[in-house]
Amino acid sequence: MSRSTLGIVMNGVTGRMGYRQHLVRSILALREQGGLALPDGTVLWPEPVLVGRNADKLEALAAKHGLSRWTTDLDAALADPANQIYFDAQLTPLREAAVKKAIAAGKHIYVEKPTASSLTGAQELARLADAAGVKHGVVQDKLFLPGLLKLKRLVDGGFFGRILSVRGEFGYWVFEGDWQEAQRPSWNYRAEDGGGIVLDMFPHWQYVLEHIVAPVRSVYAHAATHIPERVDELGKPYQATADDAAYGVFELEGGIVAQINSSWAVRVNREELVEFQVDGTHGSAVAGLRECRFQSRAGTPKPVWNPDIPNTVPFREQWQTVPDNGDFDNGFKIQWELFLKHVALSAPGTPFAHDLWAGAKGVQLAELGLLSAAEGRRVEVPELGRGA
């Protein structure tokens, strides 16, 4: 059995998501399992190069995990021919310039979403990558969550009949940072640093809706900054200039209506931090991060509105649970495996299912959602073709 080493420049791994999900639970997890086996018996061995702006943090991170390769010099990392892939989990405003450098250096590209701060920037990255002949992908991790995989199983099996609507609830209370430390970094609440829940979450809703239900054709959104002042990591108060909640209505292909609330200023009274309910003529389902419950047409109760007597119907108990029927790995790791196999095995010019063009669709929906919120109107979502 031969082993093929694949150098991966990982920029932004000192951040919460870049460290926890991409480095530890994906790349290091692949190394712990002995690498990624290919059909011909070759084993891909990911060799991360940690890149960032803080040398002390990088050195400590590398030492903690037994890694030797780290640098604050992105240009030097990109100049090394042993490094074939560039991964970016930096703040969004820093991403475009770094990805352009990596494309110019001939590296394959894998990035967090949003891929850019604007649709124009996202499309430019996709065009540049295509022109350079490099393979490229964007993280669309929620498609690989166990709950949504089960929901997709129901859709593909025709369980719903004609799908009518989707209802989504996402969010939790992010502490302001004064009497309890905030769970999210302060840049999330500054528009000038690429923050805002619309730019963060609408790209997720775009690919979830398109891949599981149907493409988005229009958006009506209301964005709000419910908590106008927060306290940063150094204990200093700052003005929140970005939206911390968004209430969106999306019309999907086929007349399906999706309503999704996204908020960092909501207390959770549901089973999981995100839940989607899909209703159809033949059945309904509610999917979260891990679980998915369903109710068929034949099993649907017949409630009668009567506010004068206590409710005695155990509505939640009348739903069944979709079985696992298999093992579910970490969603980020699953997509890393798919992209690494794409780099190793696919012919030049073969697009990855979740590439920079797919990422541009997410940026497009966020941009149009913000436009809708600013102008108070429904906005059409034009078809975004490859090379557009």
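The values are calculated or read from the model by the stated rules, or taken from the named source; none is laboratory data. None of the values given here were measured: they were computed from a predicted structure. Reconstructed Cβ throughout: ideal geometry from the backbone, glycine too, with neighbour counts over all protein chains shown.
Do the conditions hold for residue 214, that is, is it under 27 Å from residue 139 (Cα atoms), among the hydrophobic types (A, V, I, L, M, F, W, C), modelled with pLDDT of 95 or more and out of contact with any helix residue (DSSP H, G or I) (no Cβ under 9 Å at 6 or more places or on another chain)? Please lay out each step first, then the result.
Numbers: under 27 Å from residue 139 (Cα atoms): yes; among the hydrophobic types (A, V, I, L, M, F, W, C): yes; modelled with pLDDT of 95 or more: yes; out of contact with any helix residue (DSSP H, G or I) (no Cβ under 9 Å at 6 or more places or on another chain): yes.
Criteria met by residue 214.
Among the residues of region 163-176, is there at least one that is surrounded by fewer than 18 Cβ atoms within 10 Å (Cβ to Cβ), without any contact (Cβ under 8 Å) to a residue 60 or more places away in the chain and in a strand (DSSP E or B)?
Step one: list which residues in region 163-176 are surrounded by fewer than 18 Cβ atoms within 10 Å (Cβ to Cβ), which gives 164-165, 167, 172-173, 175-176.
Still in the list and also without any contact (Cβ under 8 Å) to a residue 60 or more places away in the chain: 175-176.
Next cut, in a strand (DSSP E or B) only: none.
No, region 163-176 contains no residue that is surrounded by fewer than 18 Cβ atoms within 10 Å (Cβ to Cβ), without any contact (Cβ under 8 Å) to a residue 60 or more places away in the chain and in a strand (DSSP E or B).
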Next item on the list: From 150, 107, grab the single residue that is more than 21 Å from residue 239 (Cα to Cα), out of contact with any Cys (no Cβ under 8 Å at 6 or more places or on another chain) and touching a residue at least 40 places away in the same chain (Cβ under 8 Å).
Entry: 107
Margin query: If I filter region 103-110 for residues that are in a helix (DSSP H, G or I) and within 18 Å of the chain's Cα centre (by Cα), do I get at least one hit?
Written below: no
Notebook entry, point to check: What number of residues within region 311-345 are within 30 Å of residue 8 (Cβ to Cβ) and surrounded by 13 or more Cβ atoms within 10 Å (Cβ to Cβ)?
Noted result: 18
Note to self: Can you report the number of residues in region 67-101 which are among the small types (Gly, Ala, Ser) and more than 23 Å from residue 24 (Cα to Cα)?
What the structure shows: 3
Notebook entry, point to check: What number of residues within region 250-273 are in a strand (DSSP E or B) and either in contact with a His (Cβ under 9 Å, 6 or more places away or on another chain) or not hydrophobic (A, V, I, L, M, F, W, C) (or both)?
Noted result: 6
Check: Among the residues of region 26-58, which ones are surrounded by 14 or more Cβ atoms within 10 Å (Cβ to Cβ) and part of a helix (DSSP H, G or I)?
Finding: 26, 27, 28, 29, 30, 31, 57, 58
Notebook entry, point to check: In region 71-78, is there at least one residue being exposed (fewer than 15 other Cβ atoms within 10 Å of the Cβ), of a type outside the set (D, E, K, R), under 29 Å from residue 204 (Cα atoms) and over 20 Å from the mean Cα position of the chain (by Cα)?
Noted result: no
